[in-house]
Structure formats: C-alpha cells, structure tokens
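The values are calculated or read from the model by the stated rules, or taken from the named source; none is laboratory data. Quick caveat, the model's predicted, so the values are computed rather than measured. Cβ atoms come from the backbone with ideal geometry, glycine included; neighbour counts cover every protein chain shown.
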Amino acid sequence: MFSHVVVFWIDPSNPTAADELVAGCEKYLRPIPGVITFHVGRMVGSPRPVVEQTYQVALNLVFPDKQAQDDYQVHPLHIEFVEKVFKRVCKKAVIYDFA
C-alpha cells in the first residue's frame, strides 16, 4: 500500500475556492485509474490543539504501490487538475507520501 495525502490552503480572496477545489478533485482526480481509496473533504474543526486547523481541504489517496502513484502523477487528468484548478484556487499544498 502507498498513501498520498495532500493538504491544501486555498486563496482566501476567493470565497468559493474550497468548493471549487473539492469539485475539481472529484472531476479530474477521482476517475484516474489505480486508486484504491479516494477521499477529499474540508477541514473539520477540533478543540484539540494538536489538530492542524489552518488548511481548508485535504485529499487522501491510497494506491496498491508507489508505481501506481507515480503513474497517477503523470496522468493527463492530474496534469489538467493542476493547471485548471490547483493553480487557480490554491496558495499552498503540503504532501505526505508513505508506504
């Protein structure tokens, strides 16, 4: 198993950025083959100080192996997502990959 977690910080000047980002993930990323688990969602607040709460959207993908994730990264739909959605609505992303 290979996990790919992306945490997004959106452009605060765009009030619809989080919704656009979630919709873009669903449209462009969900259909890419090789993903075992796909989950995108908005940050959920917590009273616990150890919970990171400065981001707005996160994406959690699980692949069977690193090669499947590598293939995902160069898939045309992923490239289209980066160009049409990510670059337009996001200010920052932090990625965690682990096996």
Extreme residue, nearest to the chain's Cα centre (by Cα), among residues of the range 1-15 that are among the aliphatic types (A, V, I, L, M) and surrounded by 15 or more Cβ atoms within 10 Å (Cβ to Cβ): Val6
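Which residues, taken from the range 16-63, are in a strand (DSSP E or B) and either modelled with pLDDT under 95 or more than 11 Å from the chain's Cα centre (by Cα) (or both)? Spell out the reasoning first.
Initially, the range 16-63 is screened for residues in a strand (DSSP E or B), giving 37-42, 57-63.
Correct list: Thr37, Val62, Phe63.
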Testing Pro12 on (1) in a loop (DSSP other than H, G, I, E, B); (2) at pLDDT 95 or above, one condition comes back false. Which one is that? (2)
Scan the range 57-74 for residues that are crowded, with 17+ Cβ neighbours inside 10 Å, over 21 Å from Thr16 (Cα atoms) and without any contact (Cβ under 8 Å) to a residue 60 or more places away in the chain and jot them down. Leu61
So, Lys87, is that one loosely packed, with under 15 Cβ neighbours inside 10 Å, at pLDDT 95 or above and touching a Pro at 6+ places or on another chain (Cβ under 9 Å) or not? no
For a quick check of your reading of the model, give me the residue pairs whose first member lies in the range 36-56 and is within 14 Å of Ala18 (Cα to Cα), whose second is of a type in the set (S, T, N, Q) and part of a loop (DSSP other than H, G, I, E, B), with beta-carbon atoms closer than 6 Å and at least 6 apart or on different chains. Met43/Gln56
